[in-house]
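Chemist: Below you will find the structure I want to go over with you.
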Amino acid sequence: MHRLSRRSFLAASAALTAGPALAQTKKKQVPREEPQSGTDVVVIGAGAAGIAAARRLAAARMRVTVLEAAPQVGGRCITDSTTFDVPYDRGAHWIHMPEINPVAKLATQTGLDIYPAPPGQRVRIGRRYARETEMEEYLAGLVRANTAIAEIARGRADVACTAALPKDLGEWRATIEFFLGPFGCSKDLGEISAMDFARSAERDIDAFCRQGFGALLAKLAAGIPVRLATPATRVSYGGRGGCEIETPKGQVAARAVIVTVSTNVLTSGQIKFAPELPKRQLDAAAKLKLGSYDRVALELPGKKDC
């Protein structure tokens with residue numbers, strides 16, 4: 001069972017804890033020369049967390065270098081501006097709870113257009129829209145499901161969300177499980193912690209970036225020294241000389257390194273660590289595997305401003 005939060009704050013104000021922060025320790029090591037690269041901190045990964053960490057470091061007047069394996073910044077937040085006549089986000093798209101979302105607040109500084117998500121919702125049954133009475137049944141079942149998960153989450157033992165669902169949801173059960181699980185969390189509801197789900201914030205108010213979420217992150221990365229197409233392959237830390245990060249394009253030395261790659265990358269062995277990361281941390285990361293969304297994009301004729 002995975003503890004997978006529904007909150008989608010991609011750039012958090014506490015982004016410096018987005019990944020392991022590795023620096024020198026008190027353990028005695030063979031003396032080495034201080035890093036001569038002119039870099040205080042190397043950030044591995046130019047996704048939302050890496051960009052946020054680099055911005056925070058730069059604001060503190062620290063010399064930072066960001067290493068990114070992909071040929072562009074944004075991580076899993078990429079805006080495609082060539083396939084369609086309008087920007088299309090291949091990754092994250094929604095700006096949830098814009099009134100408190102750090103990304104929404106930063107967006108006002110970029111000059112990009114943030115607009116509220118259109119209100120209302122409709123459900124289709126076969127080739128028709130659900131009738132008013134059917135919508136009432138569905139929404140009532142959804143409220144009961146959320147309430148049941150919240151109730152069971154108050155206990156001491158955690159369970160999967162499916163174990164908390166009412167038994168009498170009838171024909172709406174599969175729809176509710178899909179909405180709360182794959183649609184809301186990109187995981188089957190049976191793989192989601194009831195406690196984590198209950199503690200996550202409701203997302204009643206949402207917004208979009210007209211130019212694309214990926215484009216927004218790229219704007220926030222402006223001015224940050226990022227080395228694209230430069231994957232980190234090995235991180236050596238713990239010595240008195242600081243940290244050394246190996247890449248196919250050479251070695252980078254720094255006093256500390258912040259790793260913001262996804263849990264899938266962290267546990268895949270793509271990046272070697274010396275000394276190795278504690279097993280406890282790796283085991284925890286392995287239980288936080290990424291979810292997956294499959295999208296079908298259609299460009300329809302007509303209005304192109306939403």
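Chemist: Surrounded by fewer than 19 Cβ atoms within 10 Å (Cβ to Cβ) and closer than 22 Å to Cys77 by Cα - does that describe any residue in the range 170-177?
Modeler: Checking the range 170-177: not a single residue is surrounded by fewer than 19 Cβ atoms within 10 Å (Cβ to Cβ) and closer than 22 Å to Cys77 by Cα.
Chemist: In addition: Quick check on the range 134-146. Is at least one of its residues in contact with a Gly (Cβ under 8 Å, 6 or more places away or on another chain), touching a residue at least 12 places away in the same chain (Cβ under 8 Å) and of a type in the set (Gly, Ala, Ser)?
Modeler: Yes, the range 134-146 contains at least one residue that is in contact with a Gly (Cβ under 8 Å, 6 or more places away or on another chain), touching a residue at least 12 places away in the same chain (Cβ under 8 Å) and of a type in the set (Gly, Ala, Ser).
Chemist: Scanning the range 141-168 for residues that are β-branched (Val, Ile, Thr) and part of a helix (DSSP H, G or I), which turns out farthest from Val123 (Cα to Cα)?
Modeler: Ile152
Chemist: Condition test on Ala153, is it surrounded by 15 or more Cβ atoms within 10 Å (Cβ to Cβ) and modelled with pLDDT of 90 or more?
Modeler: Yes.
Chemist: Here is a further query. Would you mind listing the strands (runs of 3 or more DSSP E) fully within the range 169-262 where at least 1 residues are more than 20 Å from the chain's Cα centre (by Cα) and free of Cβ contacts under 8 Å to residues at least 60 places away in the same chain? Working first, answer last.
Modeler: Numbers: elements: 206-209, 234-239, 242-247, 250-254, 256-259.
Correct list: 234-239, 242-247, 250-254.
To keep it simple, each residue is scored yes or no on (1) over 30 Å from Gly291 (Cβ atoms); (2) touching a strand residue (DSSP E or B) at 6+ places or on another chain (Cβ under 7 Å).
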{"residue": "Glu244", "(1), (2)": "yes, yes"}
{"residue": "Thr247", "(1), (2)": "no, yes"}
{"residue": "Val252", "(1), (2)": "yes, yes"}
{"residue": "Val259", "(1), (2)": "no, yes"}
{"residue": "Gln270", "(1), (2)": "no, no"}
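Chemist: Does Tyr129 satisfy the criteria of being without any contact (Cβ under 8 Å) to a residue 24 or more places away in the chain and over 29 Å from Ala194 (Cβ atoms)?
Modeler: Answer is yes for this residue.
The values are calculated or read from the model by the stated rules, or taken from the named source; none is laboratory data. The structure displayed is predicted, hence computed values, not measured ones. Glycine gets a Cβ as well: all are built from the backbone with ideal geometry, and neighbour counts include every protein chain shown.
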